[in-house]
1. Please go through the stretch B:131-152 and pick out each residue that is among the charged types (D, E, K, R) and either facing chain A (nearest Cβ under 9 Å) or touching a Cys at 6+ places or on another chain (Cβ under 6 Å) (or both).
2. Out of all the residues in the stretch B:14-36, which are crowded, with 18+ Cβ neighbours inside 10 Å, outside any helix (DSSP H, G or I) and not β-branched (Val, Ile, Thr)?
3. Of the residues A:Ser303, A:Ser317, A:Ser282, A:Ser297, which single one is in contact with a strand residue (DSSP E or B) (Cβ under 7 Å, 6 or more places away or on another chain) and surrounded by fewer than 21 Cβ atoms within 10 Å (Cβ to Cβ)?
4. Could you list, ordered by first residue, the pairs with Cβ atoms under 8 Å in which the first is in the stretch A:296-313 and touching a residue at least 40 places away in the same chain (Cβ under 8 Å) and under 10 Å from A:Ser518 (Cα atoms) and the second is β-branched (Val, Ile, Thr) and surrounded by 14 or more Cβ atoms within 10 Å (Cβ to Cβ), at least 6 apart or interchain?
5. Can you pull out every residue in the stretch B:92-111 that is touching a residue at least 60 places away in the same chain (Cβ under 8 Å) and touching a Leu at 6+ places or on another chain (Cβ under 9 Å)?
6. Which one of these is modelled with pLDDT of 95 or more, touching a Leu at 6+ places or on another chain (Cβ under 7 Å) and assigned to a helix (DSSP H, G or I): A:Ala536, A:Ala457?
7. Every residue in the stretch A:650-682 that is more than 8 Å from chain B (Cβ to nearest Cβ) and among the hydroxyl-bearing types (Ser, Thr, Tyr), please.
8. Evaluate the stretch A:227-241: report whether one residue or more is facing chain B (nearest Cβ under 9 Å), in a loop (DSSP other than H, G, I, E, B) and more than 27 Å from the chain's Cα centre (by Cα).
Amino acid sequence: MTVPKAGPAPMVSRRTFIKTMAASSGVLAVAAVLPDGVFAAEGGSTPAFPHDPVAFVRIAADNTVTVILKHLEYGQGVATGLATLVAEELDADWSQMRTEFAPAQVPLYGNLAWGETVQGTGASTSIANSWEELRYSGAAARQMLVAAAAAQWHARPDDIVVEGGVVKHAKSGRHATFGALAAEAARQPVPIEVALKDPSTFKLIGKSDIKRIDSLQKINGLAKFASDFRRPGMLRAVIARPPRFGAKLRSFDAKKAKAVKGVVEVVEVAAGVAVVASDSWSAIRGREMLKIDWDDSAAERRSTGQIMAEYKAAGNSRGVVVNRVGDSSVAMAGSAKEIEAEYTFPYLAHAPMEPLNAIVELKEGGAEIWAGSQLQTLDQGMAAQVLGLKPEQVKLHTVWAGGSFGRRATPNADYIGEAASIVKATGGKTPIHLVWTREDDLRGGRYRPMSYHKLRAGLDAEGHLISWEHRIVTQSIQVGTPLDAPLRNGLDIISAEGAANQPYGVPNQQIDVHILRSPVPVLWWRSAAHSHTGYAVESFIDEAAHAAGKDPVAFRLGLLSEQPRLAKVLRLAADKAGWDTPLPQGRGRGCAVVESFNTAVAQVAEVSIGKDGKIKVDRVVCAVDCGIAVNPDQVRSQMEGGIGFGLGAVLRNAITLADGRVEQGNFDSYVPLRLSDMPRIDVYVIDSGAHPSGVGEAGVPPIGPAVANAIFAATGRRLRDLPLSNAKMV
Amino acid sequence: MIVLRVNGQERRLDVPADMPLLWALRDHLDLTGTKFGCGIGACGSCTVLVGGVAVRSCQTPVGSIGEAMVTTIEGVKGKIAKAVQGAWQKIDVVQCGYCQTGQVLSAIALLEKSPHPTDSEIEAAMDGNVCRCATYHRIRAAIHEAARSLKG
């Protein structure tokens, strides 16, 4: 999905449209709509307030403050971050804060970065999106609490202060909790002008002592993920899907499956054959007993080796040019030294810990869904389409999600549509919980695309980089989806993100892309194209530095004069890592710096190669500039997690096909990073004071090239084919 | 009919003896703090304690448990459990949280056996628990923190 760049937001009082509703139970509920928010579409008009507004902030008589989250929490800490924005402007006490996921409703809960037409989470947009929206909501609620206190105490609002969740009037010594004032506050006039705090007065934003709001319930087992809900009469279902992508069901025999104790029904659905049973185990066992004849005539039958050979062949000619600066071929011809390298990247699975699952229940006049939904509008729409309902007849309960890394952001709402299709095929008799097993997850597609990168660079006699050519052959994520608008004329900038706009100041550049097709479905994978373009660019710039006989950090800095944020994080990471200090024999240090999703991240990795050839990453130093860090400890946490997620993939993960069949099936063949693989990590957060940008993805891209460059420093070998475990190090 | 002792209670279940304990707990006893992650004993999300020992409930047939006490995350108690869960909060380990109940149970079992584990003991005890959010860095720190708090 494309993300418009967020401009800096002026820290001034701004006219807002605040809406409140006074619920019968004495609840103050507030929503702020920003007529000229930072994400407002060009030439866009003031969004109309919905007829039946649901608030962003709710203050109840029991003194709890509930923040309504339009974004999904799948680990990135957004529930904590968004609640912090409200608590800050409200001057609430952190212990009174609660969160709740919003219902599916656009435009009220639409992602401002996506034109408000889609409610969803992704591309690291949540904090940036809500930075003003939720602070205005909190500030408006605070103003109404103050007005209520002033009315009750016959005091001037200016004499009233709010501190730590208590409204106080110093002159009279009166004070009251938010809860005690909520009902009166709801009767106050809606504020027209709302002022936001000056950042220098922040008490919660930017402080490291705010702990995650979802922590306790996730370690005592009470947090409910989709699979933990139970509806009356609910049955469990699994689907047998074709073993080759693009195959179709010809026929099936369910006799033996139906004989399995607990199996209730076997039905054909669009995705394959669904086995419905009284519990998950019986459904899984029933599926094992199915006999299915698949029609492979339109299926993918190639191996990934064949696919890569085709990518390489395509890479011999020029693709669609996505960026051109100067004339790279003339400059290349005139260069004193020319280098060239090829890099290959495999399909990768997201493999979130919670395998995909959803509950769908047909009710009178509509349906209800429980899911860790990442694109609520599309999930709701797909369920409605399958069930023959209007979207507004589908009530979607978004719940905690056990990871995503992009997997839940499917434009065609795959698993939600599947669950709805089983409900339809079984006549809506019972609620259905669709369960994906780990094998379904790893063999079910929607992978990070494979890609082939070919780079050439030309250096002049003094070692200056004067020409840069980068060709990418890959499969597009957005072609053929509702989101393929940016792909006019084959110009798939999304697949070249991070390459088309590589940050180094080279006077002559050409970046071109070939998009090849396959029935293998692909999807955004944490950091999207940066997961491969970052590796290619940051490895090749390291090769260019070596060819120029220059230090990799100094060489990069020489080319980053127009990129002060990148230069700053790189300098900081190198400094903290002791870049210039020597390492013992057999160890090496490598760096990489990547901007993704408006966040700049540099990493320095220290690597040692064991006698058995095993690559061990001992330490990573990371520096990040994400503008104002709403919660610096959660920024660190996301960097640590991004490093671990990226490292596991580059070290040893690949989804491979043989005769069209996926060769991996579970964590024994798609081996995830484990605790003993995790390096020591030190994260340094730069507070640049800029508008906050996301951190969910930006930690991932630099780790691969930092490790590969460290391996080069240790061994003199460039590893250009991923995963790194394919290389024989001894 | 299978009789199970779970979290101090006797529970009766009409399920096949070869049904993995995981599914009996989740689908039949509604103890959903125990999670399904892989089904082959390779991720540790389904970790429970059987007689105080951390086991993978997806690999443990419900009929094989006999008299042994099953403790799930819902039933953990005592000094060590409190120290582990307290350290998890203090270090803010959690991200998506799906694997964390299994991580906590493995950590409790480790500290029961070895009150002051070294880094390599932590690796040996915790390598079977996968976290795709890669909170490992903090898991290691939280186990050391829990050990410290038990000492003090």
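1. Of everything in the stretch B:131-152, those that are among the charged types (D, E, K, R) and either facing chain A (nearest Cβ under 9 Å) or touching a Cys at 6+ places or on another chain (Cβ under 6 Å) (or both) turn out to be B:Arg132, B:Arg138, B:Arg140.
2. B:Met19, B:Pro20, B:Leu29, B:Leu31, B:Gly33, B:Lys35, B:Phe36
3. Residue meeting the stated conditions: A:Ser303.
4. Short answer, once both residue conditions are applied: A:Glu300/A:Val520.
5. Of everything in the stretch B:92-111, just one residue is touching a residue at least 60 places away in the same chain (Cβ under 8 Å) and touching a Leu at 6+ places or on another chain (Cβ under 9 Å), namely B:Ala109.
6. On inspection, the qualifying residue turns out to be A:Ala536.
7. A:Thr656, A:Ser669, A:Tyr670 - these are the residues of the stretch A:650-682 that are more than 8 Å from chain B (Cβ to nearest Cβ) and among the hydroxyl-bearing types (Ser, Thr, Tyr).
8. yes
The values are calculated or read from the model by the stated rules, or taken from the named source; none is laboratory data. Please read all numbers here as calculations on a predicted model, not as lab measurements. Cβ coordinates were reconstructed from backbone atoms using ideal geometry, including for glycine residues, and neighbour counts include every protein chain displayed.
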